[in-house]
Structures are given as structure tokens and as C-alpha cells.
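What follows draws every value from the coordinates through simple rules; no lab data is involved. Keep in mind that what you see is a predicted model, and the values were worked out from it rather than measured. Quick reminder, even Gly has a Cβ in these numbers, built from the backbone with ideal geometry, and neighbours come from all protein chains shown.
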Amino acid sequence: MTERPLFYELLPATLGDLSQLNALEKACFPLDAWPLIEQIAALTFPATIRIKAEHKGRLIGFVGGDIRRAHQTGWITTLAVLPEYRRLGIGEALLRAGEQALRMPLVKLSVRRTNLEAQLLYLKNGYHKVETWRRYYEGGEDAIVMEKDMPAFKL
Ligand SMILES: CC(C)(COP(=O)(O)OP(=O)(O)OC[C@H]1O[C@@H](n2cnc3c(N)ncnc32)[C@H](O)[C@@H]1OP(=O)(O)O)[C@@H](O)C(=O)NCCC(=O)NCCS
């Protein structure tokens with residue numbers, strides 16, 4: 001029997017998604033889920049991008065990012081997919097949609113040193129390691145900073 005592909009949509013996220021975003025954060029980031037105030041900022045602040053993956057009205061994934069125009073850089077600030085919807089290509093689709101929405105010639109992000117799943121996703125999508133921030137995360141874990149050139153958005 002062949003499995004049917006999952007139908008989901010990538011849509012702009014809004015403040016109305018706050019409670020579902022909060023549930024996603026808790027499910028995906030047990031050590032350092034964003035506090036509610038940061039989630040509200042991610043859903044409302046200017047110079048940020050926010051895209052959700054939705055399946056049958058349920059928020060199953062989210063990507064957020066900051067546009068730092070002065071540095072011509074976009075930062076992917078969060079990326080998450082609910083555990084039961086992983087390895088279906090949704091994380092990759094959100095990442096690509098986030099990069100396009102940022103519209104910056106350079107995209108950067110940070111990831112926990114031990115988060116190999118996410119690092120594999122970023123390597124597969126053209127990111128490379130540029131530096132390490134020692135003891136950056138809650139619990140003292142290092143951050144690996146990765147970046148990717150986006151030639152389509154060079155001035
Ligand atoms: C990282 C995360 C967003 C990936 O989402 P996803 O929808 O499962 O990812 P995709 O299905 O698009 O995977 C794309 C590629 O990433 C890599 N990858 C993703 N998860 C992987 C895993 N568990 N093991 C190995 N490779 C993995 C693979 O190269 C995969 O391509 P393939 O399926 O063709 O082999 C998801 O695991 C997650 O939400 N994790 C918890 C939150 C988190 O760590 N976010 C990143 C913070 S920096």
C-alpha cells in the first residue's frame with residue numbers, strides 16, 4: 001500500500017495563531033521554548049517574517065525570521081515541526097519559504113551543537129558553519145552559527 005502525501009498549506013501566521021504557536025514551542029523546544037512575549041513579538045513585529053504550515057486547520061509547523069536590513073542579513077530565528085509530522089519535508093519547505101520571505105542576500109541561523117537533525121537539514125539546504133558561540137543556549141550548550149548566500153537577493 002502506498003501512503004497518500006500529506007496535504008498542508010504554507011500561510012502567513014498572525015496573532016490569532018498564538019495559542020497554537022505556544023503549543024508547538026512547548027512540544028518542540030522542551031529546554032528553551034520562547035516565552036509568550038517573544039511569541040507575540042514574532043507574530044506582530046515589523047521587519048520580521050512568520051509563516052505557518054497548516055494541516056486541517058491545525059498549526060503543524062512554523063518558521064520565523066528577522067530582517068536586519070543594515071547588515072543585509074536575514075536571521076531564521078525559529079523553525080519547528082510537530083513531532084508527528086516530521087520527515088515529510090515540511091521543515092525544508094518552511095525553511096525555503098522563510099528564506100524567500102526574508103529577501104536578504106545572506107541568511108544566518110544558530111543551532112544547538114547536539115541538534116544534528118536540524119544541522120543536517122541546514123547542510124542539505126546549502127548552509128555552512130561559520131562560527132561557534134560558546135555556552136550560548138540555556139543549559140550551557142554551544143551554538144553553531146550557519147549561513148547561506150542568497151544570490152537572487154544581491155543588490
Ligand atoms: C529540525 C526540524 C524542523 C526538521 O523538520 P522536518 O519537517 O522533520 O524536516 P524535513 O522532513 O523537511 O527534513 C529535511 C531534511 O533534513 C534532514 N533531517 C531532518 N530530520 C532528520 C533526522 N531526524 N535525522 C536525519 N536527518 C534529518 C534530512 O536531510 C532531511 O531530508 P531527507 O528526509 O530527504 O533525508 C524538526 O526536526 C524539529 O522541529 N525539531 C525540533 C525543533 C528544532 O530543533 N528546530 C531547529 C532549531 S535550530
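Over all distinct Cα pairs, what is the inverse of the mean 1/r for region 9-153, reported as the Kirkwood hydrodynamic radius in Å?
15.4
Order of Val63, Val81 from fewest to most other C-beta atoms within 10 Å?
Val81, Val63
Per-residue ellipticity at 222 nm for the chain, helices alone: DSSP H runs ≥ 4 residues times -39500 (n - 2.57), over residue total, nearest 500 deg cm²/dmol?
Working: 4 runs with 42 residues, N = 155.
Rounded to the nearest 500, the figure is -8000 deg cm²/dmol.
Report, by chain and number, residues whose modeled amide H sits under 5 Å from the one on Arg113, excluding near sequence neighbours (fewer than 5 apart, same chain).
Asp142, Ile144
For Thr78, which sequence-distant residues (separation of 5 or more, or a different chain) have an amide H within less than 5 Å of its own amide H, given hydrogens modelled in the peptide plane?
Long-range HN contacts for Thr78: Gly64.
Which entries in Lys26/Lys56; Lys108/Lys154; Lys56/Lys129; Lys26/Lys148; Lys52/Lys108; Lys129/Lys154 show an alpha-carbon gap greater than 26 Å?
On the way: Lys26/Lys56 21 Å; Lys108/Lys154 15 Å; Lys56/Lys129 36 Å; Lys26/Lys148 28 Å; Lys52/Lys108 20 Å; Lys129/Lys154 21 Å.
As for pairs spanning more than 26 Å Cα to Cα, those are Lys56/Lys129; Lys26/Lys148.
How big is the dipole moment of region 33-81 about its Cα centre under a simple scheme where the beta carbon of each Lys and Arg is +1, that of each Asp and Glu is -1, and everything else is neutral? Debye, nearest 20, please.
Roughly 140 debye, rounded to the nearest 20.
Measure off 7 Å from each Cα along the Cα-to-Cβ vector at Glu92 and His128, then give the distance between these two points in nanometres to one decimal.
Modelled inter-label distance: 2.1 nm.
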